[in-house]
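Below is one structure, written out as structure tokens; comments come after it.
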Amino acid sequence: MNKPIQSKLTQSPAWKALQAHQAEIANVHMRELFTRFPERAREFSLEAGALLLDYSKHRVTDSTLALLADLARQADVEGWRTRMFAGEHINASEDRAVLHVALRSALEAFPAGNDVVPLVRKAREGMRAFSDAVRGERLLGHTGKPMRTVINIGIGGSDLGPRMLTQALWRHADAPQSVAFVSNADPGDLAHTLAQAQPETTLIIVASKTFTTVETLGNANLARDWLVKALGSESAVKQHFAAVTTNIKAAGAFGIAAERCFPLWDWVGGRYSVWSSVGLPVAIAIGMDRFEDLLAGARAMDEHFLSAPLEANMPVLLALLGIWYANFFGAESHAVLPYAESLRELPAYLQQLEMESNGKGVDRDGQRVDYATVPVVWGSVGTNSQHAFHQMLHQGTHLVPCDFLVPAATTGAAAENALAQGAALMAGKDADLPYRRFDGNHPSSTIMFRDIDPHTMGQLLALYEHKVFVQGVIWNVNSFDQWGVELGKEIARTLSAQPAGGGAIAGLDASTNALLARLRSWRS
Ligand code: F6P
């Protein structure tokens, strides 16, 4: 591993100015900032579309924000933004454009010189026709019955987005089908789901950008066996399976009819793909019109990201605040706390989005970085989280900036609890007994919105996508590849290929060889 050298970033004027400023502000309590500047709450809040961001409970002043904006300018965030929207191959290690924004664009042609809009529109028309047919009970199975259960088999970006949105938007779901998700290599995941389905009335969507992912193909093969065995005919596969993939050939070889293959392209990263055919289960659950509302919400955030000045740009602000704590306060994690049961899958979705994108230790120039990149993103739904780990947020030894996501409607007292947590974390409370003392000064952002509807969810997810983009630009990493997942896959293949009693695998460490031997003996 090449050693970190002093990077341009940590030697840069904007970085050094922030370091000096941090030393001045590190011991200032936010309570004091609120007392000194009564306008703080109004000044440090921003509305974009349906989202209200309150960022006043942060350890920042006007000067901090100006210095952070300097850092963004120095990194040429605006230039990189232009390059992404122009379809330049900013995913350099894979020589690919990054055009998930084209999936929700309203432009007639986009981007210039490599117009992908006709492809996107055609795919969306296909999604509409198919989802309408499923919802309208016109899509019939092998025995002539309409579908009752839709099962999406995929993993990572081919699972987390549609899974999370189907859950989040359940109040808008009016399909006669139930929609389920299977992702895990543990066959128990599929078995549990199939136990609640009837083969005659089950539609299975195999979502895999590459159509080579071991977990997905393993589950798809098991599901095909289950179907064929129950219906007594291989030809049932064509009626009960659909695919979402770039690899139409492999899907065809699996037995999925060409007209049931929904496209994806190499310029859409898995974790950015929920806007594409990967969203098919969502479109089936809520209908294509509402799915288009989701895209319109994301588009509204794209427009805000493109046009708002950096200082009043919501994704830029979230990115800069994250950098402030990760790089200047040493915060090693970041908590996402949605205060709505239906957003319970959101932390997992954001974990992939943020950590697979910016969990990089080598910069775009191939140098090891000498600064922290993405912190550990974790979280859970409030108020449950309060009774699990908020003790640590309030009185523990780690600095954990939090995002409170607060829908106003339908969440009852959960919303007030979110506000109470933000207030307590910020202000703290004095007490005589040390264990009753709350130091406070724990930073949080509050993102509040009226309701969890498709348009708002589109804005919210695009907000985080662009936050990740801005952080990647400043950290000078490629946010759009994921080479770090390859080594484990490779070793897993070797372990799986080793026959029972096959002895130690050459080149593999003694610990893993011993564990594999024990695993095999316990199984036999
Ligand atoms: O975990 C690695 C990864 O490549 C993710 O980036 C991706 O979302 C997931 O696997 C699934 O890949 P595919 O859609 O090709 O099956």
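Data overview
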read-out: Residue order for Lys360, Lys467 - accessible surface, 1.4 angstrom probe, largest first; value: Lys360, Lys467
read-out: Cβ-based charge dipole, the chain, positive-most Cα from Ser444, Leu194, Gly322; value: Leu194
read-out: Sequence of Asp453, Asp115 when ordered by accessible area, the most exposed leading, probe 1.4 angstrom; value: Asp115, Asp453
read-out: Cα coordinate range in the chain, projected on the principal axes (Å, largest first); value: 75, 57, 55
read-out: Gain in span if fully extended, Thr82 to Val117, counting 0.36 nm per residue against the direct Cα distance; value: 10.8 nm
read-out: Theoretical FRET efficiency, 1/(1+(r/R0)^6), r = Cβ-Cβ of Leu399 and Ala296, R0 45 Å, to 0.05; value: 0.75
read-out: Mean ellipticity per residue at 222 nm, deg cm²/dmol - from DSSP H runs of n ≥ 4 across the chain, formula -39500 (n - 2.57); value: -13500 deg cm²/dmol
read-out: Full-extension gain in nm, Ala230 to Ala258, via 0.36 nm per residue minus C-alpha separation; value: 7.7 nm
read-out: Theoretical FRET efficiency, 1/(1+(r/R0)^6), r = Cβ-Cβ of Arg148 and Glu43, R0 51 Å, to 0.05; value: 0.40
read-out: Prolate/oblate/rounded call for the stretch 211-250, Cα gyration tensor, a/c under 1.5 rounded; value: oblate
read-out: Beta bridges by DSSP in the chain, antiparallel share as percent, to the nearest 5; value: 25 percent
read-out: Distance in nm between pseudo-label sites at Trp170 and Ala312 (7 Å out along the Cβ direction from Cα); value: 4.0 nm
read-out: Computed magnitude of the charge dipole of the chain (debye, nearest 20; Cβ of K, R +1, Cβ of D, E -1); value: 980 debye
read-out: Per-peptide average of other Cβ atoms within 10 Å, ordering 309-318, 491-500 highest first; value: 309-318, 491-500
read-out: Whole-percent carbon and sulfur share, accessible surface of the chain, 1.4 Å; value: 54 percent
read-out: Principal axis dimensions, largest first and in whole angstrom, of the stretch 118-249 by Cα; value: 39, 33, 32
read-out: Probe 1.4 Å, all protein chains present, accessible-area order of Glu24, Glu137, largest first; value: Glu24, Glu137
read-out: Taking only Cα atoms of the stretch 263-352, radius of gyration then Dmax in Å; value: 16.0, 45
read-out: Estimated FRET transfer efficiency when R0 is 56 angstrom, pair Gln22-Ala191 (beta carbons, to 0.05); value: 0.60
read-out: Most positive-pole-ward Cα, Pro401, Tyr349, Ala298, against dipole of the chain from beta carbon charges; value: Tyr349
read-out: Surface accessible to a 1.4 Å probe, His442 within the full protein complex, Å²; value: 20 Å²
read-out: Å² of accessible area per residue within the chain, as computed with a 1.4 Å probe and no ligands counted; value: 43 Å²
read-out: Those residues of the stretch 302-336 whose amide nitrogen sits under 20 Å from the label point placed on His29, 7 Å along Cα→Cβ; value: none
read-out: Segment Leu519-Ile491, length gained on full extension (0.36 nm per residue, minus Cα span); value: 8.5 nm
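The values are calculated or read from the model by the stated rules, or taken from the named source; none is laboratory data. These figures come from a predicted structure and were not determined experimentally. Cβ sites come from the backbone with ideal geometry, for glycine too, and all protein chains shown count toward neighbours. Note: areas computed on protein heavy atoms with side chains; ligands, DNA, RNA excluded. Shrake-Rupley method; radii C 1.70, N 1.55, O 1.52, S 1.80 Å.
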